[in-house]
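Working notes, structure below.
Bear in mind these aren't lab numbers, they're just calculated from the coordinates by the rules spelled out. Remember, it's a predicted structure, so these values are computed and weren't measured experimentally. Counting neighbours? That spans all protein chains shown, and the Cβs are built from the backbone with ideal geometry, glycine included.
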Amino acid sequence: MVGVLGCMAERLKHQLLEEEKIVDLVAGPDAYRDLPNLVRQVDDGSRAINTFLSREETYADISPVRLNSNGITAFISIMRGCDNMCSFCVVPFTRGRERSRDPHSILTEAKDLFEKGYREVTLLGQNVDSYKWSPNADLKGKAQIEKARETDIVNFAMLLEMVAQVHPELRIRFSTSHPKDITDDVLFTMKKYDNICKNIHLPAQSGNSRVLELMNRTYSREWYIDRVDAIRRILGDECGITTDMIAGFCTETEDEHKDTLSLMDYVRYDFAFMFYYSERPGTPAAKKL
Ligand code: SF4
């Protein structure tokens, strides 16, 4: 029995199941609870598919079994999906709307990992800075959370503090930050706790405001530089900054590309994932740009 799971499965379901007929089972990123049922369907002789994208599923109550782990570092998923619509990105279509996980289940997982000997956790989300959770929202989607009372909301800075307090010997990292959402509160929380590693992955994608607008990144070059300045002001030069860059996005000129280079000179990144633009089918950039 061959199954494909996750967001690529969601994107390639038609090709995998019908055209190439190479798999028996396809489960999208929000359908893992349905796996026993899907496996049964394949046992009964049919192909099985569930790529339904949920507005609520966070798998909060399921603790991952960590195979092939080094026993020291682990990832903890704190949210799923993404509500941004960067024009080049396929994630909103394959992983669904943004949902934040109950902070208590995150803390339970972090404490459990510490007790098992792990000493470093990375809090994971497509856009960790927009983490928001409220006990009073019926649904865990962002629109519902926005309606909750301010005092009921747990935001990312608060979550970071809660995880940092699990144990001073547990090192905390997080990824990925979005330049439009990273707040000074998050930076002050990093400063306050020695066990929060001073490193921020802050994808720029481009150093030119016109290209950023085409990418629908919702910030300008100036905004990005303001956030970098805030990191330097609050955390000092010892805070590592890493990034993602795309070269040659639709209609980008040579001069606009040079703005990306000058941004790199300005920030002096510790590391960067750098790619030439490659089109993802179905995205706004592929359709319109
Ligand atoms: Fe969301 Fe990141 Fe994709 Fe933008 S690039 S839509 S923030 S996952």
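Here are a few things to note about the model shown:
- Applying the criterion of being basic (Lys, Arg) and within 16 Å of the ligand (Cβ to nearest atom) to the residues of segment 202-247, the residue that is farthest from residue 191 (Cα to Cα) is 217.
- Verdict on residue 171 being within 16 Å of the ligand (Cβ to nearest atom) and within 25 Å of residue 100 (Cα to Cα): no
- Between 87, 100, the distinction of being under 22 Å from residue 30 (Cβ atoms), crowded, with 16+ Cβ neighbours inside 10 Å, within 16 Å of the ligand (Cβ to nearest atom) and among the polar types (S, T, N, Q) belongs to 100 only.
- Residue match in segment 55-63 (condition: surrounded by 17 or more Cβ atoms within 10 Å (Cβ to Cβ) and either within 16 Å of the ligand (Cβ to nearest atom) or within 29 Å of residue 275 (Cα to Cα) (or both)): no
- Only residues that are more than 9 Å from the ligand (Cβ to nearest atom), part of a loop (DSSP other than H, G, I, E, B) and over 14 Å from residue 118 (Cα atoms) were counted in segment 66-84, giving 1.
- With respect to being within 30 Å of residue 247 (Cβ to Cβ), within 16 Å of the ligand (Cβ to nearest atom) and not in a loop (DSSP other than H, G, I, E, B), residue 93 fits the description.
- Test: residue in segment 30-37 that is in a loop (DSSP other than H, G, I, E, B), under 30 Å from residue 107 (Cα atoms) and among the charged types (D, E, K, R): yes
- The listed residue being closer than 30 Å to residue 284 by Cα and crowded, with 16+ Cβ neighbours inside 10 Å, out of 196, 172, 246: 246
- Test: residue in segment 180-194 that is within 13 Å of residue 263 (Cβ to Cβ) and either touching a strand residue (DSSP E or B) at 6+ places or on another chain (Cβ under 7 Å) or assigned to a helix (DSSP H, G or I) (or both): no
- Some residue of segment 105-119 being without any contact (Cβ under 8 Å) to a residue 60 or more places away in the chain, within 16 Å of the ligand (Cβ to nearest atom) and surrounded by 18 or more Cβ atoms within 10 Å (Cβ to Cβ): no
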